[in-house]
There are 2 protein chains.
Amino acid sequence: MKTLKIPEATIIRLSVYSRYLTQLDKKGITNISSGEIAEGVGGSPAQVRKDLAYFGEFGTRGVGYNVRDLNQHIIRILGLNKNWQVIIVGAGNLGSALTQYKGFRERGFDVIAVFDNDINKVGLTLNGIPIYPVSKLNEIVKKKQVDIGIIAVPAPYAQDVADAMVESGINAILNFAPVVISVPEEVELRNVDLAVNLEILTFNLELQKDKN
Amino acid sequence: MKTLKIPEATIIRLSVYSRYLTQLDKKGITNISSGEIAEGVGGSPAQVRKDLAYFGEFGTRGVGYNVRDLNQHIIRILGLNKNWQVIIVGAGNLGSALTQYKGFRERGFDVIAVFDNDINKVGLTLNGIPIYPVSKLNEIVKKKQVDIGIIAVPAPYAQDVADAMVESGINAILNFAPVVISVPEEVELRNVDLAVNLEILTFNLELQKDKN
DNA sequence: GACTGTGAAGCCATTCACAGCT
DNA sequence: AGCTGTGAATGGCTTCACAGTC
């Protein structure tokens, strides 16, 4: 299999294409061109074709792409042709919201357990998903073959949680704590920093103002 | 004024540097080198210096940077030397979590109102922040001089909410709905797609597997 | 001696433009 | 005729390496 360094931007876009194709499929649309996809997701036709070209030839010249077929290919590329077991550590506001977020299940992510050290929360459930003490993390991750861990605890605890996840065998982590955490090289780590996103907006707002 | 296209990646990193410098300042550390910053945030020294060089000369050769001073500069660059008024539309799990998120206030973002059309929620407060019906959005945004709107509603309603925000004069939007929305060119729009972040992880997990 | 600031080089991603199918 | 797939060109970001300063 050819694997010549795929840009991360390409993966992000594939994910967006897939969501768009799913919408189209629901509407009963069966065929689409790269130009129409670009229009729908806000990109360029050449970009769409380049992104797909990393993985194969999915279209028909002169015709375009079959919506459902292309979506199946992308879903397979992204590894979404099976369900993934996810745990969330932190049952505060953010952790609770993520646990109940419908967009995860729709894409094949099953949140199977939540962990928190607040004894008032342990034993309760969120949407039917049980809350365990963090001390049970290792045991449950191993028993349930968990693939992905989400960190939704305050910044000072994030590194400890990451360590516990790695220790238990998880090798993909999504971190919502606004702090840099370190993990072994072989563990996939992504950070979502909510404040950073607002700060990019304010930077751009200030830029606009300076143009006058 | 010099404004040579700053890479967005640079802005993201500046935001992270600032957070790190704030931590150091609290610990009483007064001086730091580009190498130490790089170490702390997971980057390269040259990158740190290049990022800062877009905006001026903040360090002393042979010595490094004054922590507090550099942080003040970055805060000003990002437009965080004043508070920003923020509203959130959608008082579901995610909207509630964002409304109560401490990381926003710490960086100068004041969530002053939440909007939702659920009559069971209207009139209540979240952390002292009132929930209004969406019909009041225009009035309140104008009266309170709101700068930024956050969309935390289900995908099908996101475009309507964005339209209402634009109509009311907001020109920076942070969208959490997993759908492409369109706004006039002069409005700053950023998207945070929670599922996409997990999908990048699964793509990378699959890649690793294929390496064997 | 140590560390910043920066032109130049290298690398990566996007856009162009056209050959190749249907 | 229409649209994909792709090498080539372009543009942009990152890394290198060193002159400049303390």
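The values are calculated or read from the model by the stated rules, or taken from the named source; none is laboratory data. Values in this document were obtained by computation on a predicted structure and should not be read as measured data. Quick reminder, even Gly has a Cβ in these numbers, built from the backbone with ideal geometry, and neighbours come from all protein chains shown.
Quick check: anything in segment B:12-19 without any contact (Cβ under 8 Å) to a residue 40 or more places away in the chain, within 14 Å of DNA strand D (Cβ to nearest atom) and either basic (Lys, Arg) or in the same structural domain as B:Leu174 (by TED's automatic domain parsing) (or both)? Steps first, please.
Residues of segment B:12-19 that are without any contact (Cβ under 8 Å) to a residue 40 or more places away in the chain, as a first pass: B:12-13, B:16, B:19.
Cutting the leftovers down to within 14 Å of DNA strand D (Cβ to nearest atom) gives us B:12-13, B:16.
Those left that are additionally either basic (Lys, Arg) or in the same structural domain as B:Leu174 (by TED's automatic domain parsing) (or both): B:13.
Yes, there is a match, as at least one residue in segment B:12-19 is without any contact (Cβ under 8 Å) to a residue 40 or more places away in the chain, within 14 Å of DNA strand D (Cβ to nearest atom) and either basic (Lys, Arg) or in the same structural domain as B:Leu174 (by TED's automatic domain parsing) (or both).
Within segment B:74-91, is there a residue that is among the aromatic types (Phe, Trp, Tyr) and either within 16 Å of DNA strand D (Cβ to nearest atom) or modelled with pLDDT under 95 (or both)?
Of the residues in segment B:74-91, the ones among the aromatic types (Phe, Trp, Tyr) are B:84.
Filter again for either within 16 Å of DNA strand D (Cβ to nearest atom) or modelled with pLDDT under 95 (or both), leaving none.
No: segment B:74-91 contains no residue that is among the aromatic types (Phe, Trp, Tyr) and either within 16 Å of DNA strand D (Cβ to nearest atom) or modelled with pLDDT under 95 (or both).
Can you name the condition, by its number, that A:Ile88 falls short on among (1) under 25 Å from B:Leu205 (Cα atoms); (2) over 16 Å from the mean Cα position of the chain (by Cα)?
(2) is the only condition that A:Ile88 fails.
When you go through (1) surrounded by fewer than 19 Cβ atoms within 10 Å (Cβ to Cβ); (2) touching a Pro at 6+ places or on another chain (Cβ under 8 Å); (3) within 14 Å of chain A (Cβ to nearest Cβ); (4) not hydroxyl-bearing (Ser, Thr, Tyr) one by one for B:Asp210, which number turns out not to apply?
(2)
Could you please let me know if B:Gly56 is part of a loop (DSSP other than H, G, I, E, B) and away from chain A (no Cβ under 13 Å)?
On the way: part of a loop (DSSP other than H, G, I, E, B): yes; away from chain A (no Cβ under 13 Å): yes.
So B:Gly56 passes the test.
Return only the number of the condition from (1) in a helix (DSSP H, G or I); (2) within 13 Å of DNA strand D (Cβ to nearest atom); (3) within 21 Å of the chain's Cα centre (by Cα); (4) not acidic (Asp, Glu) that B:Gln23 does not satisfy.
That leaves (2) as the condition not met.
Working carefully through the options A:Gly40, A:Gly79, find the one that is more than 16 Å from DNA strand C (Cβ to nearest atom), within 14 Å of chain B (Cβ to nearest Cβ) and not in a strand (DSSP E or B).
Numbers: A:Gly40 fails: more than 16 Å from DNA strand C (Cβ to nearest atom).
One residue alone meets the criteria, A:Gly79.
Can you name every residue in segment B:159-188 that is crowded, with 22+ Cβ neighbours inside 10 Å and within 19 Å of A:Arg13 (Cβ to Cβ)? Steps first, answer last, please.
If we filter segment B:159-188 for residues that are crowded, with 22+ Cβ neighbours inside 10 Å, which is where we start, we get B:161-162, B:165, B:170, B:172-178.
Hits for segment B:159-188 are B:Asn175, B:Phe176, B:Ala177, B:Pro178.
If A:Gly62 meets every condition in (1) surrounded by 14 or more Cβ atoms within 10 Å (Cβ to Cβ); (2) in a loop (DSSP other than H, G, I, E, B); (3) within 11 Å of DNA strand D (Cβ to nearest atom) apart from one, which number is that one?
All conditions pass for A:Gly62, except number (1).
Across segment B:26-37, what is the total count of residues that are within 11 Å of DNA strand D (Cβ to nearest atom) and within 13 Å of chain A (Cβ to nearest Cβ)?
Residues that pass the stated criteria total 0.
Against the condition closer than 27 Å to B:Leu189 by Cα and modelled with pLDDT of 95 or more, how does A:Val41 come out, does it pass?
Numbers: closer than 27 Å to B:Leu189 by Cα: yes; modelled with pLDDT of 95 or more: yes.
Considered against the rule, which asks whether it is closer than 27 Å to B:Leu189 by Cα and modelled with pLDDT of 95 or more, A:Val41 comes out as yes.
Wholly within segment B:95-194, which helices (runs of 4 or more DSSP H) include no fewer than the required count, namely at least 1 residues that are in contact (Cβ under 8 Å) with a residue 12 or more places away in the chain and more than 9 Å from every other protein chain (Cβ to nearest Cβ)? First the steps, then the outcome.
Values: elements: B:102-106, B:137-144, B:155-168.
Counting at least 1 such residues, we get B:137-144, B:155-168.
Given the criteria touching a residue at least 60 places away in the same chain (Cβ under 8 Å), within 25 Å of A:Ala177 (Cβ to Cβ) and either in contact with a helix residue (DSSP H, G or I) (Cβ under 8 Å, 6 or more places away or on another chain) or within 12 Å of DNA strand C (Cβ to nearest atom) (or both), does B:Ile29 qualify?
Numbers: touching a residue at least 60 places away in the same chain (Cβ under 8 Å): no; within 25 Å of A:Ala177 (Cβ to Cβ): yes; either in contact with a helix residue (DSSP H, G or I) (Cβ under 8 Å, 6 or more places away or on another chain) or within 12 Å of DNA strand C (Cβ to nearest atom) (or both): yes.
No; evaluated as a whole, the condition is false for this residue.
Those residues that are among the aliphatic types (A, V, I, L, M) and surrounded by fewer than 14 Cβ atoms within 10 Å (Cβ to Cβ), I need them from segment A:117-147; list them, please. Quick ask: steps written out before the conclusion?
Taking segment A:117-147 and keeping what is among the aliphatic types (A, V, I, L, M), we get A:119, A:122, A:124, A:126, A:129, A:131, A:134, A:137, A:140-141, A:146.
Of everything in segment A:117-147, those that are among the aliphatic types (A, V, I, L, M) and surrounded by fewer than 14 Cβ atoms within 10 Å (Cβ to Cβ) turn out to be A:Ile119, A:Leu124.
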